[in-house]
Amino acid sequence: MKVKIEIDTNTFVRFWLVVIGFGMAGFLIWNARTALMIIGAAAFLALALNGPVSWLAAKLPNRSRSLSTAIAFVVIVAALAAILFLAVPPIIQQTVSFIQTLPETVRTMSAQWKVFGDLVARYHLESQIDQMVASLQSNATSWLANFGQNFLSGVGTTVSIITEASLALVLTFLMLVEGPRWLRYFWSLYSDDERMQRHHIIFRRMNAVIAGYVSGQLIVSGLDGAFAGLTVFILSQVFPAAPANIALPTIAIMFILSLIPMFGAVIGGIIVILLLALNSVPAAIVFGIYFVIYQQIENNVISPTIQSKRIELSPLMVLMAVTVGLYMFGVVGGIISIPIAGCIKVLAAEYVKVEHHEEPVVTKPTMLARIVKQMHRKERKHKED
């Protein structure tokens, strides 16, 4: 029995137009991913700082938005400078110390090599060892030959990162200063007060998702840094070889990298373990055990408790969002991927509600809605006169 399926021409054309449209949109997004990453990071920072800046502007005598934004930026730059001042010197010191003790380490390894050599001779592993050494020598020679090119490439990458970060900060400053004025203009374009109120509710929900995520992630990252730094300090008292001056760098490293969802804390933990291993292998092992246990507690207790009812995304959606963000836009994409996914969920829920002709949630009109409504009334009255 043959089944004949008839497709309307308009439906067929619309289907392929949608497919082509999605393909072109994906192509444009991929080619403009750097610019979109900068704009997205700036918008994310602006929304995250909007609350403190608005609070500070309300406290100033002239309620200057520009001055409050400038003060907030000075505080942020000072905090970043303090973190670099506290974190970088101890790391450099530990690296220099490791280089200074490297000859002694080599002599110790040479003394142990005799025992290792006896084992190699007993099991006839000379050829395998020779191949491994030759491979290492070849790789080292290749790396040294390309050192100049790698160095220039690294300098270019660093300059590019600094340029992009500076542009993102400038955009963030302008968004914070001009954002309220643009929002007022945007809401004034609505002629339907009910529709404006509904869209304003959606906007407030999206803003709440981003603000909730930022505050929750800052709390989780702060706890990561504090507990990791305290653990390193305790280990420095138990193991004399472990330096206590890397406790503050540990706090900074764990706090900053823990802002990256899912993977950031793991990267930070590995860096701290390597720093400890340069001085005390037992301390590094104990910290590794602590880190594994703490990550289980954080992932199953701390983070769900703090982030509950803030994002309202399942673990699968979080993992998918972070994976897409990291692979498309790098570290910044990984940071902003979860709040973007939360905002998409808000929009999708509203779309489903409209498609099913559900009544929108009506709340008490906001002050902005009342102001815009009064503006419309004055305009209509002026036209009538």
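Read the figures in this text as sums done on the coordinates, not as results from a lab. Quantities reported herein were computed from a predicted structural model and do not represent experimental measurements. Here the Cβ positions follow ideal geometry from the backbone for every residue, glycine too, while neighbour counts run over all protein chains shown.
Values for this structure:
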item: Full-extension gain in nm, ILE39 to VAL292, via 0.36 nm per residue minus C-alpha separation; result: 87.5 nm
item: Ranked list, fewest to most other Cβ atoms within 10 Å of each Cβ, for GLU178, GLU350; result: GLU178, GLU350
item: Calculated FRET efficiency for the pair ALA348/GLU194, C-beta based, R₀ 30 Å, to 0.05; result: 0.90
item: Which of TRP55, TRP187 has the fewest Cβ neighbours within 10 Å, and the rest in rising order; result: TRP55, TRP187
